[in-house]
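Inspection log for the structure reproduced underneath, given as structure tokens.
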Amino acid sequence: MKTIFIIYIVISILTFIFSFAIAKIARQKVKKESPDVEFEKITLIEKIFSWVRVIILCSIPLYNFLVFMMYVFRWDNMVDMAMEKFYEREKI
């Protein structure tokens with residue numbers, strides 16, 4: 001039981017780290033492709049809800065494991081999806 005719990009905690013932490021790494025990489029790629037792009041400001045409430053959502057989702061075992069596998073095996077696709085989200089937030 002202790003080993004399973006440790007494995008779960010490690011996967012949770014890695015999923016949490018990968019979530020933010022994908023966002024950083026996508027943001028850098030968007031800035032590199034379009035240096036003059038400006039994004040809408042994110043309100044404090046949106047930031048808080050984003051943090052809470054990531055923390056909650058990283059604590060659900062089955063979901064957490066599936067997301068971790070997606071990050072590992074489909075890294076490029078995940079970065080592209082994050083870039084699309086950044087383009088959606090672009091100011092026009």
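Number of residues in the range 78-92 that are more than 17 Å from Thr15 (Cα to Cα), in a helix (DSSP H, G or I) and not hydroxyl-bearing (Ser, Thr, Tyr): the value is 6.
Every residue, every condition in (1) assigned to a helix (DSSP H, G or I); (2) touching a Phe, Trp or Tyr at 6+ places or on another chain (Cβ under 7 Å); (3) of a type in the set (S, T, N, Q); (4) in contact (Cβ under 8 Å) with a residue 12 or more places away in the chain, yes or no:
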{"position": "Ile7", "(1), (2), (3), (4)": "yes, no, no, no"}
{"position": "Ser59", "(1), (2), (3), (4)": "no, no, yes, yes"}
{"position": "Asn64", "(1), (2), (3), (4)": "yes, no, yes, yes"}
{"position": "Tyr71", "(1), (2), (3), (4)": "yes, yes, no, yes"}
{"position": "Asp76", "(1), (2), (3), (4)": "yes, no, no, no"}
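Being surrounded by fewer than 13 Cβ atoms within 10 Å (Cβ to Cβ) and in a helix (DSSP H, G or I) is not true of Ile22. Within the range 34-57, restricting attention to residues that are part of a loop (DSSP other than H, G, I, E, B) and aliphatic (A, V, I, L, M), the residue that is surrounded by the most Cβ atoms within 10 Å (Cβ to Cβ) is Val37.
Any read-out appearing in this document is the output of simple, stated calculations on the displayed coordinates, not a laboratory observation. As the structure is a prediction and not an experimental result, all values here were calculated from the model. Heads up, the Cβs are rebuilt from the backbone with ideal geometry, glycines too, and the neighbour counts pull from every protein chain shown.
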